[in-house]
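Down below is the structure, laid out as structure tokens.
The values are calculated or read from the model by the stated rules, or taken from the named source; none is laboratory data. Computed from a prediction, not measured in an experiment: that's the story for all the values here. Positions of Cβ are generated from backbone atoms using ideal geometry, with glycine treated the same way; all protein chains shown enter the neighbour counts.
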Amino acid sequence: MAGATSTTGARLRRGAISLGWAVAGVLVAILLWEAVKVLGSIITLPFETSDQAMPHVWTIAAGALQPEVRGSDTPVWQTVLIAAIYTLVIAFGGFLIGVSVGLLLAIVMQRFAFLERGLLPFVIASQTVPLIALAPLIVGIGNRITIGPLEWGQTQSIMFIAAYLAFFPLSVGALRGLQAATPTQIELMRSYAATPRATLWKLRFPASIPYLVPALKVSAAAAVVGTVVAQISTGGRGGIGRLIIEYSRETTSQPAKVYVAVIGAIIVGLLAAGLVALLDLYLTRNLPKERLT
Amino acid sequence: MSTLAVHAEGVWKIFNEGAANEVTALSDVSIDVGKGEFVSLIGPSGCGKSTLLRVIADLIPSTRGTVAVAGMTPHEAREKHQYGMAFQQAALLDWRTVRRNVELPLELAGWDKEKRKARALELLEMVQLQDFAEHRPWELSGGMQQRVAIARSLATDPEILLMDEPFGALDEMTRERMQNELLRISKATGTSVVFVTHSIPEAVYLSNRVVVMSPRPGRITHVVSVDLRDRNEDTRESDAFFESVTAVREALRGRVAPVGEGGARLAETS
């Protein structure tokens with residue numbers, strides 16, 4: 001019989017160990033990067049390893065500290081950080097919308113079998129539309145929408161695209177989760193004359209958590225990718241996507257700059273993953289450890 | 001005589017009626033269960049014993065025939081929490097503590113928090129799990145989980161317990177202990193029990209009457225009355241016990257003439 005009290009401590013310990021591995025992973029990545037450069041100077045590799053294409057790690061670090069433009073007070077890292085936070089906020093908005101829509105879809109699909117048959121193909125088809133094709137379309141349509149004082153701008157378009165990518169893994173995962181309660185548990189609820197709503201809240205929703213948690217992780221990643229790609233393809237100002245485009249034009253003069261922006265994008269992804277991990281810890285607090293993903 | 005716990009008359013259950021894959025699960029089944037009586041349904045797989053239990057519980061509708069549970073229609077009885085159910089799987093909710101699992105039917109019946117908690121603790125004491133009230137179900141053994149499920153089925157103080165092979169997944173020793181516990185509880189609470197099982201000794205040990213069913217189509221072929229005074233560990237080795245076991249076994253093999261055409265009108269009890 002496992003002690004219920006030790007679980008929190010054990011989780012924290014596991015968390016610290018994962019953090020250690022993550023740091024080790026970053027160090028290995030840096031070493032590999034430099035190793036490839038050294039190798040490229042000795043033999044000919046099928047790709048460019050010059051300082052122009054692959055600047056040294058310390059060049060990138062120095063690049064981050066340089067001023068944004070000549071004579072300006074703001075260093076590159078600060079611009080990237082602000083853009084990263086802005087991107088994270090938009091991705092988070094898209095994630096929230098996507099999760100809400102995905103959950104709602106899953107609930108109606110679970111409740112009405114005919115809707116599952118009718119909607120699921122469209123849900124799947126929605127993801128086969130290439131994002132690059134979708135982005136200008138949404139911006140074009142969105143520009144004509146004004147609801148009272150609310151105006152649909154580029155930010156809304158980008159958030160919409162993030163939500164469009166985020167809802168899918170969630171709705172599919174949540175649908176499986178809502179169907180995960182055992183037939184016996186469902187008969188039991190029926191024997192208590194439980195309403196569909198009570199069955200949803202007291203049985204189906206909590207039983208879906210082990211399916212919901214991985215779906216949330218995938219959705220969060222999708223929201224971040226969706227935001228960055230949408231920022232690139234719509235040229236949305238203020239975000240990390242736009243910075244990557246701008247800095248990549250300056251590679252001849254400042255090759256390190258674009259890598260600083262890319263690292264910024266990676267940090268956005270990691271922060272998003274971290275937030276979902278916290279949510280995961282909360283949602284699975286009452287479940288047996290074997291179920292944790 | 002007061003109303004019967006369960007009264008079923010001429011019950012038929014035909015799945016996919018009229019279609020090519022039509023299956024007659026219950027054919028003209030009649031059964032009465034008196035108040036406080038313990039009746040087991042036994043028979044090979046596919047004999048309709050679980051189907052009959054589900055018809056009584058209003059989990060599936062009957063095709064034809066009348067069913068009354070505690071003097072009401074099965075639907076009313078279900079709405080009014082007149083029966084409690086237990087299955088082969090304890091089907092406890094992992095995310096709730098043991099106590100809150102027992103509280104679940106009370107929550108759905110609209111009890112307030114304090115009364116719920118008090119009642120759940122009382123029931124856990126009855127199944128001797130009061131020390132595990134705040135544990136999670138997955139920290140308990142299979143037998144303990146099944147005891148929680150029994151406590152939960154008794155939460156609303158139902159007239160009737162409907163049990164579908166509740167000890168089927170337990171080892172023999174735990175199983176016998178659980179049988180004693182169930183007898184003690186049903187006696188103490190005066191609850192009527194309809195108990196589905198595969199096990200002949202289990203049916204005999206627990207029941208006032210053993211209803212023997214046979215498949216294709218599912219029907220009642222025999223009703224064996226069991227008369228075993230106080231049941232305890234010695235009972236399991238008594239001659240009367242073995243006689244009843246033999247009687248049920250013969251009935252299952254079809255060695256004794258079945259009771260009347262198309263089902264059994266059972267003797268009134270208590």
Qualifying residue in the range A:173-191 (condition: of a type in the set (D, E) and either touching a strand residue (DSSP E or B) at 6+ places or on another chain (Cβ under 9 Å) or within 14 Å of chain B (Cβ to nearest Cβ) (or both)): yes
Number of the exception - A:V101 against (1) more than 30 Å from A:L27 (Cβ to Cβ); (2) not assigned by TED's automatic domain parsing to the domain that holds A:A272: (2)
Extreme residue, nearest to B:M178 (Cα to Cα), among residues of the range B:210-256 that are assigned to a helix (DSSP H, G or I) and β-branched (V, I, T): B:T235
Enumeration of residues in the range B:92-132 that are among the aliphatic types (A, V, I, L, M) and touching an Asp or Glu at 6+ places or on another chain (Cβ under 8 Å): B:V98, B:A120, B:V127
Extreme residue, surrounded by the most Cβ atoms within 10 Å (Cβ to Cβ), among residues of the range A:236-275 that are more than 17 Å from A:Q52 (Cβ to Cβ) and in contact with a Ser or Thr (Cβ under 6 Å, 6 or more places away or on another chain): A:I240
Tally of residues being over 19 Å from B:T197 (Cβ atoms), of a type in the set (D, E, K, R) and under 14 Å from the mean Cα position of the chain (by Cα) across the range B:4-50: 2
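Kindly indicate whether A:I186 is at pLDDT below 90 and either over 20 Å from A:I97 (Cβ atoms) or of a type outside the set (D, E, K, R) (or both).
On the way: at pLDDT below 90: no; either over 20 Å from A:I97 (Cβ atoms) or of a type outside the set (D, E, K, R) (or both): yes.
When the stated conditions are applied, A:I186 does not pass them.
Against the definition (over 30 Å from A:Q179 (Cβ atoms) and either in contact (Cβ under 8 Å) with a residue 40 or more places away in the chain or in a loop (DSSP other than H, G, I, E, B) (or both)), how does A:R11 come out, yes or no? Full working, then the answer.
Values: over 30 Å from A:Q179 (Cβ atoms): no; either in contact (Cβ under 8 Å) with a residue 40 or more places away in the chain or in a loop (DSSP other than H, G, I, E, B) (or both): yes.
In short, no.
Table: residues versus (1) in the same structural domain as B:G36 (by TED's automatic domain parsing); (2) over 27 Å from B:E76 (Cα atoms); (3) crowded, with 24+ Cβ neighbours inside 10 Å.
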position: B:V148; (1), (2), (3): no, no, yes
position: B:A151; (1), (2), (3): no, no, yes
position: B:F167; (1), (2), (3): yes, yes, yes
position: B:E176; (1), (2), (3): yes, yes, no
position: B:Q179; (1), (2), (3): yes, yes, no
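May I ask you to say which residue of A:Y164, A:Y192 is surrounded by 23 or more Cβ atoms within 10 Å (Cβ to Cβ), hydroxyl-bearing (S, T, Y) and within 30 Å of B:V55 (Cβ to Cβ)?
It is A:Y192.
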The range B:53-68, residues that are in contact with a His (Cβ under 8 Å, 6 or more places away or on another chain) and in contact (Cβ under 8 Å) with a residue 24 or more places away in the chain: B:T66, B:V67, B:A68
Number of the exception - A:A163 against (1) within 26 Å of B:H75 (Cα to Cα); (2) more than 14 Å from chain B (Cβ to nearest Cβ); (3) of a type outside the set (F, W, Y): (1)
Any hit, the range A:40-58, residues being at pLDDT below 85 and at positive phi: no
Any hit, the range A:36-44, residues being farther than 23 Å from A:K257 by Cα and part of a loop (DSSP other than H, G, I, E, B): yes
Residue list for the range B:15-51, filter: surrounded by fewer than 17 Cβ atoms within 10 Å (Cβ to Cβ) and not acidic (D, E): B:F15, B:N16, B:G18, B:A19, B:A20, B:N21, B:V23, B:P44, B:S45, B:G46
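Residues in the range B:183-209 that are in a helix (DSSP H, G or I) and touching a helix residue (DSSP H, G or I) at 6+ places or on another chain (Cβ under 7 Å): how many?
Residues flagged as in a helix (DSSP H, G or I) and touching a helix residue (DSSP H, G or I) at 6+ places or on another chain (Cβ under 7 Å) within the range B:183-209 amount to 9.
Rundown of residues vs (1) more than 19 Å from A:I186 (Cα to Cα); (2) part of a strand (DSSP E or B); (3) among the charged types (D, E, K, R); (4) more than 12 Å from chain A (Cβ to nearest Cβ), yes/no style:
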residue: B:S30; (1), (2), (3), (4): yes, yes, no, yes
residue: B:A68; (1), (2), (3), (4): yes, yes, no, yes
residue: B:H81; (1), (2), (3), (4): no, no, no, no
residue: B:G84; (1), (2), (3), (4): no, yes, no, no
residue: B:N101; (1), (2), (3), (4): no, no, no, no
residue: B:P105; (1), (2), (3), (4): no, no, no, no
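Yes or no: the range A:246-253 includes at least one residue that is in a loop (DSSP other than H, G, I, E, B), more than 14 Å from chain B (Cβ to nearest Cβ) and on the phi > 0 side of the Ramachandran plot. Give the derivation first.
So the first thing to find is which residues in the range A:246-253 are in a loop (DSSP other than H, G, I, E, B), and the list is A:249-253.
Right, trim to more than 14 Å from chain B (Cβ to nearest Cβ) and you get A:249-253.
Still in the running and on the phi > 0 side of the Ramachandran plot: none.
Within the range A:246-253, none of the residues are in a loop (DSSP other than H, G, I, E, B), more than 14 Å from chain B (Cβ to nearest Cβ) and on the phi > 0 side of the Ramachandran plot.
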Enumeration of residues in the range A:192-206 that are more than 8 Å from chain B (Cβ to nearest Cβ) and either touching a residue at least 60 places away in the same chain (Cβ under 8 Å) or closer than 19 Å to A:L283 by Cα (or both): A:P196, A:T199, A:L200, A:W201, A:R204, A:F205
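Being within 29 Å of A:A174 (Cβ to Cβ) and in contact with an Asp or Glu (Cβ under 6 Å, 6 or more places away or on another chain) is true for just one of A:V268, A:V213. Which residue is that?
One residue alone meets the criteria, A:V213.
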Verdict on A:L119 being under 19 Å from the mean Cα position of the chain (by Cα), of a type in the set (A, V, I, L, M) and over 30 Å from B:R152 (Cα atoms): no
Of all residues making up the range B:222-249, the number that are over 20 Å from the mean Cα position of the chain (by Cα), under 30 Å from B:D28 (Cβ atoms) and aliphatic (A, V, I, L, M): 1
Positions within the range A:80-97 being in contact with a Leu (Cβ under 7 Å, 6 or more places away or on another chain) and more than 16 Å from A:A273 (Cα to Cα), in sequence order: A:V80, A:A83
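So which residues in the range B:130-146 are of a type in the set (F, W, Y) and either assigned by TED's automatic domain parsing to the domain that holds B:E176 or over 25 Å from the mean Cα position of the chain (by Cα) (or both), if there are any at all? Show your work before the answer.
Here is the first cut: in the range B:130-146, the ones of a type in the set (F, W, Y) are B:132, B:138.
B:F132, the sole residue that qualifies.
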The range B:41-65: number of residues that are within 24 Å of A:M189 (Cα to Cα) and either part of a strand (DSSP E or B) or within 12 Å of chain A (Cβ to nearest Cβ) (or both): 9
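Mind checking which residues of the range A:214-238 are among the aliphatic types (A, V, I, L, M) and either in contact with a Lys or Arg (Cβ under 8 Å, 6 or more places away or on another chain) or within 13 Å of chain B (Cβ to nearest Cβ) (or both)?
A:I232
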